[in-house]
Amino acid sequence: DERAAGHVRTAAERSQLLRRAAIQAERAGDTSEARRLYDLAARAAPDAETGEAALAALARLAKPDTPAPHLEQLEVQLRAAGTGEQRAEILRQLLELAVLADDHDAAARHAAALLDVEPASAAAFRTLRARAEASGDRTQLAALLARRAAALVDPTERAAQFYELGRLHQTELGDEAAATLAYEQAVSDDPSHPAALEALADLAYARKDWTHAGALYARLDDRRAARPAEALALRRGEIAEALGRDDAALAAYATAARVGALSAPTTRAALTAVVRVGLRGGNLEVAIDASRALLDRLAPDDVAAISAARLELADLCQRAGDPVSAIYFYELVLSESPHAIGALRALSRLYVERGNHAAAVRTQRTLIMLATSPSQRAALLHQLGELYLAEVGDPELAADAFLKAIDLEPAHIPTLRRLLEYYLRVEDFDAVLEIAGELVERDALLDEATGSATL
């Protein structure tokens, strides 16, 4: 066939005979000879269409160390190519050979040209993407992803590409507006796309666009979302609470607490939210149940958190009219933190109400010891005196407390009145006249608070 090719008259016939000879050589296993003959056939071809088969065989048999002649021939064929399909075929071969030869610049050039005539070319996209990623050019990569997405026909594939574009804008380019647009395009192509829906919901939540965020989170399928079910329920509760929908918020928070792990932060956050929303709606029973559940879920070694939870539960029990439970939890707080001022103050009142005067006195004395200023200590000593006088029935101890209080705050009128009564009772009239004079100076003697018997 090769010898015969030298005697034929037309270039097309000569190219055809050379290609037949190359096929015979390839079948005989002589790849090098086959490449030589395919190259001659391509060069002899009068036009790109005639030489296309030979060029395709050359591309198939090309080795990374010998692509240059084939690339050169294909470049010649490309310049002569007419239709877009012809150009696309030659460019695909050029791209393949350039990749085999590790000629990155040529590969990028051919890939860009191929995208112009075949926008959905996966090979061209992969080549240009790899180049953009290697150079760190995220802006170029974003433009490439957008171009690729626009060229795809299948809605599911297009949605996946738009989602990837959105992630690039959001996480690497810091352009939330562009990210939002890409995610919206993904959802437009695939309305149930879980990742794009969740990303849009997260962005709306971050902007505090509660109405939009609520609608998007409602569309999410918990089984396909990236966040755990309890985290989604917690977020739905936050959004409902922000919109003033407390019933929906309570239901969502309850779901988060139910499906979450016992010790998970989301579970604790959900129970804390149930307490908050329950109190706002006046539902003390719900708040107390959630507070108890929260206490049960705290780590045993987290003493500070346990004390805070017990204090909150004690306050709730007191508000709900359950003094026994309130005292129990306040005392548990003191067992870990003996100087917890809030618990001591509440217990001082509750002990008096329950008739436990010894405990009330003991608690009041602890508060006096912890007072940080003379005026605070004076007020607490006055309260102790009232406790001795009205509840314990010991006027001497009451007077001792009142005297200590007046030393710290000489102008405290309620204490002066109590001392006036004391000195009248013990008939220390010099002290009576002195204290009465002080009350007169303050226009506080002739007052209902003084009492008619004293006057």
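Per residue, the Cα convex hull of the chain amounts to 226 Å³.
Here the dipole of the chain is about 2000 debye; that uses its Cα centre as origin and unit charges on the Cβ of Lys and Arg (positive) and Asp and Glu (negative). Computing FRET efficiency as 1/(1 + (r/R0)^6) for LEU370 and ALA299, where r is the C-beta to C-beta distance and R0 is 30 Å, gives about 0.55. Full extension of the chain between ALA177 and GLU336 yields a length gain of 52.1 nm, computed as 0.36 nm times the residue separation minus the alpha carbon distance. Summarising the label geometry, the points placed 7 Å from Cα in the beta-carbon direction at THR139 and ASP443 lie 7.8 nm from one another.
Between the residues ALA453, THR415, ALA379, the greatest Cα displacement towards the positive end of the dipole of region 332-455, with unit charges on the Cβ of Lys, Arg, Asp and Glu, is found for ALA379. Among 311-317, 274-280, 131-137, the peptide with the highest mean count of other Cβ atoms within 10 Å heads the list, and the full ranking is 311-317, 274-280, 131-137. Taking each DSSP H run with n ≥ 4 as -39500 (n - 2.57) and averaging over every residue of the chain yields -24000 deg cm²/dmol at 222 nm. Working from Cα positions, state the angle (0 to 90°, nearest 10) between the long axis of helix 176-189 and the longest principal axis of the chain. Helix 176-189 sits roughly 70 degrees off the main axis of the chain.
Each listed q (0.17, 0.18, 0.22, 0.24 Å⁻¹) maps to a log10 I(q)/I(0) for region 342-455 from the Debye sum over equal C-alpha point scatterers, namely -0.83, -0.90, -1.18, -1.30. Using alpha carbons only, how many degrees (0 to 90, rounded to 10) separate the axis of helix 31-44 from the longest principal axis of the chain? Computed tilt is about 70 degrees. Restricting to Cα pairs below 8 Å that are 6+ residues apart, what does the relative contact order work out to for the chain? Please round to a whole percent. In percent, rounded to a whole number, it is 4. Taking the C-alpha atoms only, the angle from helix 122-135 to the longest principal axis of the chain is near 60 degrees. Each 5 Å bin from zero holds the following percent of Cα-Cα pairs in region 200-240: 5, 28, 38, 22, 7, 0. Surface composition of the chain: carbon and sulfur make up 51 percent of the accessible area, probe 1.4 Å.
The values are calculated or read from the model by the stated rules, or taken from the named source; none is laboratory data. Quick caveat, the model's predicted, so the values are computed rather than measured. Heads up, the Cβs are rebuilt from the backbone with ideal geometry, glycines too, and the neighbour counts pull from every protein chain shown. Just the protein is used for accessible areas: all its heavy atoms, side chains included, with ligands, DNA and RNA removed. Shrake-Rupley method; radii C 1.70, N 1.55, O 1.52, S 1.80 Å.
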